[in-house]
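Worksheet: one structure, shown below.
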Amino acid sequence: MDKRTLGNTGFEVAPLAFGGNVFGWTADEATSFRMLDAFVEAGFNLIDTADSYSRWVSGHHGGESETVIGRWIARRGRHRDVIVATKVGSDMGQGHKVLRKDYILQAAEASLRRLQVDCIDLYQSHWDDENTPFEETLGAYEQLIRQGKVKAIGASNLSAARLAQALEVGWAHGLPRYQTLQPQYNLYDRDSFEGELQALCVRENLGVITYFSLRGGFLTGKYRSEADLGKSARGPGMKKYMIPRGMKILDALDTVAQHYHATPAQVSLAWLMARPGVTAPIASATTVEQLEDLLLATTLKLDVAAMQALDEASA
């Protein structure tokens with residue numbers, strides 16, 4: 001499989017990342033282990049998680065996903081063939097997002113313990129924290145990199161203006177610079193990334209790993225009517241996408257999928273992989289069969305007509 005360079009991190013990654021938000025939530029530990037094994041055996045290597053996964057579940061406190069990944073790493077006895085990306089800064093009960101230096105240093109130690117590794121491959125600022133200067137946040141990362149506890153850093157959910165400011169601060173103060181960005185981007189949600197933010201990522205050679213790549217499952221084509229909303233825990237949230245634009249996107253996905261003897265999910269991910277600046281979409285699965293279906297997206301090369309049809313339907 002052709003690997004892609006993840007910005008300036010030095011990492012070479014397969015063009016699809018595994019989203020770890022499901023580990024310890026909709027996928028129990030045994031299922032998570034089977035999926036992670038299948039993912040790596042198929043030649044893939046980028047696993048994305050966060051310290052806050054899955055804090056939104058009743059009885060969970062965050063760290064559940066990292067803990068599952070850590071137990072999987074410990075069971076297999078090695079970490080060198082996978083790149084684990086985790087995130088810090090989400091609300092973990094303090095009532096707000098935070099990227100203060102003392103907080104990051106403490107959170108990093110907790111993530112290292114849960115992941116059962118000596119070093120986090122890619123450590124990402126999960127959300128913007130406008131109350132903490134970039135100098136302080138980047139200073140925390142500088143210390144962690146110097147200590148050998150973090151290899152590379154990235155950002156998530158930053159606007160173009162804030163990302164540009166963070167990059168400038170890093171350059172001006174001799175501090176580590178964000179080398180990746182994790183934006184919400186998919187066929188349904190295009191405005192927040194396309195344009196200024198996408199151009200900045202391309203210009204600065206940032207690796208882009210998109211989240212909500214399948215819009216919570218809507219772009220799989222699984223949810224087309226009210227009767228489909230009970231198909232999963234996420235089902236009720238799909239109703240808001242069942243508007244004329246959403247159905248037009250699904251129709252275009254169906255047409256392209258039929259032409260390529262593929263599934264709408266595979267086509268959605270293939271479209272993302274072909275977008276300027278995108279290194280690897282993140283996608284989640286809850287069964288090995290579902291995962292294997294998604295991985296086939298990397299074998300799909302959409303032609304100009306297919307890309308144009310999807311662009312027009314989702315414009």
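The values are calculated or read from the model by the stated rules, or taken from the named source; none is laboratory data. Since we're looking at a predicted model, the values are computed, not measured. Here the Cβ is made from the backbone with ideal geometry for all residues, glycine too, and neighbour counts use every protein chain on show. Accessible surface areas use protein heavy atoms only, side chains included; no ligands, DNA or RNA. Shrake-Rupley method; radii C 1.70, N 1.55, O 1.52, S 1.80 Å.
Miscellaneous remarks
- The set of residues in the range 253-262 that are assigned to a helix (DSSP H, G or I) and either open to solvent by 70 Å² or more (accessible area, probe 1.4 Å) or within 11 Å of residue 221 (Cβ to Cβ) (or both) comprises 253, 254, 255, 257, 258, 259.
- Residues located in the range 186-206, provided they are over 19 Å from residue 20 (Cα atoms) and surrounded by 20 or more Cβ atoms within 10 Å (Cβ to Cβ): 187, 193, 197, 198, 201, 206
- Flag if residue 182 is at pLDDT 90 or above, touching a Ser or Thr at 6+ places or on another chain (Cβ under 6 Å) and open to solvent by less than 60 Å² (accessible area, probe 1.4 Å): yes
- Unique match (being touching a His at 6+ places or on another chain (Cβ under 9 Å) and either basic (Lys, Arg) or closer than 27 Å to residue 281 by Cα (or both)) among 117, 84: 117
- Residues that are under 19 Å from the mean Cα position of the chain (by Cα) and open to solvent by 50 Å² or more (accessible area, probe 1.4 Å), drawn from the range 43-58: 55, 56
- Of the residues making up the range 106-142, those that are open to solvent by 40 Å² or more (accessible area, probe 1.4 Å), assigned to a helix (DSSP H, G or I) and more than 15 Å from residue 50 (Cα to Cα) are 135, 136, 142.
- Reported count of residues in the range 224-242, each being modelled with pLDDT under 80 and in a loop (DSSP other than H, G, I, E, B), is 4.
- Residue match in the range 59-75 (condition: surrounded by fewer than 23 Cβ atoms within 10 Å (Cβ to Cβ), more than 14 Å from residue 14 (Cα to Cα) and free of Cβ contacts under 8 Å to residues at least 12 places away in the same chain): yes
- Consider the range 21-39 and keep the residues that are assigned to a helix (DSSP H, G or I) and open to solvent by 30 Å² or more (accessible area, probe 1.4 Å). The one that is nearest to residue 121 (Cα to Cα) is 37.
- Residues (open to solvent by less than 90 Å² (accessible area, probe 1.4 Å), within 24 Å of the chain's Cα centre (by Cα) and farther than 19 Å from residue 268 by Cα) located in the range 221-235: 232, 233
- From the options 299, 279, 286, residue that is surrounded by fewer than 22 Cβ atoms within 10 Å (Cβ to Cβ) and in contact (Cβ under 8 Å) with a residue 12 or more places away in the chain: 286
- Residue within the range 252-268 that is farther than 30 Å from residue 206 by Cα and hydroxyl-bearing (Ser, Thr, Tyr) present: yes
- When the range 86-95 is filtered for residues that are in contact (Cβ under 8 Å) with a residue 12 or more places away in the chain, open to solvent by 10 Å² or more (accessible area, probe 1.4 Å) and not hydrophobic (A, V, I, L, M, F, W, C), the ones remaining, listed by number, are 90, 91, 93.
- Residue selected from the range 148-190 under the condition assigned to a helix (DSSP H, G or I) and among the charged types (D, E, K, R), by the criterion nearest to residue 130 (Cα to Cα): 162
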